[in-house]
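Each reported figure results from applying straightforward, stated rules to the coordinates on display, with no laboratory input. Because the structure is predicted, anything quoted here is derived from the model rather than measured. Virtual Cβ from ideal backbone geometry, glycine too; neighbours counted across all protein chains shown.
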Amino acid sequence: MNRVIHPIEQESFRRLRARLDTSALAPLSRAVVERVIHSAADLDYAADLVLAEPDLVRAHAALHAGAPVVVDVEMVAAGITRRDTVCRLRDAVAGPGLTRSAHAVRLAHEQVGPGAVWVIGCAPTALEELLTLDAAPALVIGLPVGFVGAAESKAALRASGLPAVSNVSEKGGSAVAAAALNALLYHPISTEEKP
């Protein structure tokens, strides 16, 4: 099904590309970078995001083959427009040394198992917990925001060797995390990816 693009979105991307040349980026990297920038109107993401095209290609194929999508908070889920998501935050309970967000990740992992795409845009503790599990993700979009633990959790994600989209700074959030996933969902399937 082709997505109908509103004229305001078309004009927004035209203006973005007039201010930032993304043409040298590989196709999926370009899609993610542009959609994240568009979601935040923040051109600095072009230098702040860390991603690898081979990871995105594999995740794109997994998504289009039906891999589950797990999110840390409902705000991320609300921004994902073409896929149902798993969010276990409502079922989670904080305990000694465990935040609700971390417990929600444990519950979601028990539900979906390996091969999911994880989208974390709010809680650094959710990302930290994911890194302790044997989740075998198709991709981790780790873009939590905040002054406490956000940059550190994203650095730990990059050090883990898991396929990931992250950024170096403290910024991030639900909108940019959802945008990164939407870029992969909106991008057409190439003939190389079809089973």
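Key figures for this structure:
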read-out: Sorted peptide list for 176-185, 103-112, 88-97, criterion being average Cβ within 10 angstrom, highest first; value: 176-185, 103-112, 88-97
read-out: Global geometry of segment 1-88, whether rounded, prolate or oblate, following the gyration tensor of its Cα atoms and the 1.5 cut on a/c; value: prolate
read-out: Rotationally averaged projected area of segment 37-97 (alpha carbon convex hull; nm²); value: 6.5 nm²
read-out: Computed over segment 85-165, Kirkwood Rh from alpha-carbon pairs, angstrom; value: 12.4 Å
read-out: Relative pair counts by distance (%), Cα atoms of the chain, 5 Å bins; value: 1, 8, 17, 22, 22, 15, 9, 4, 2, 0, 0
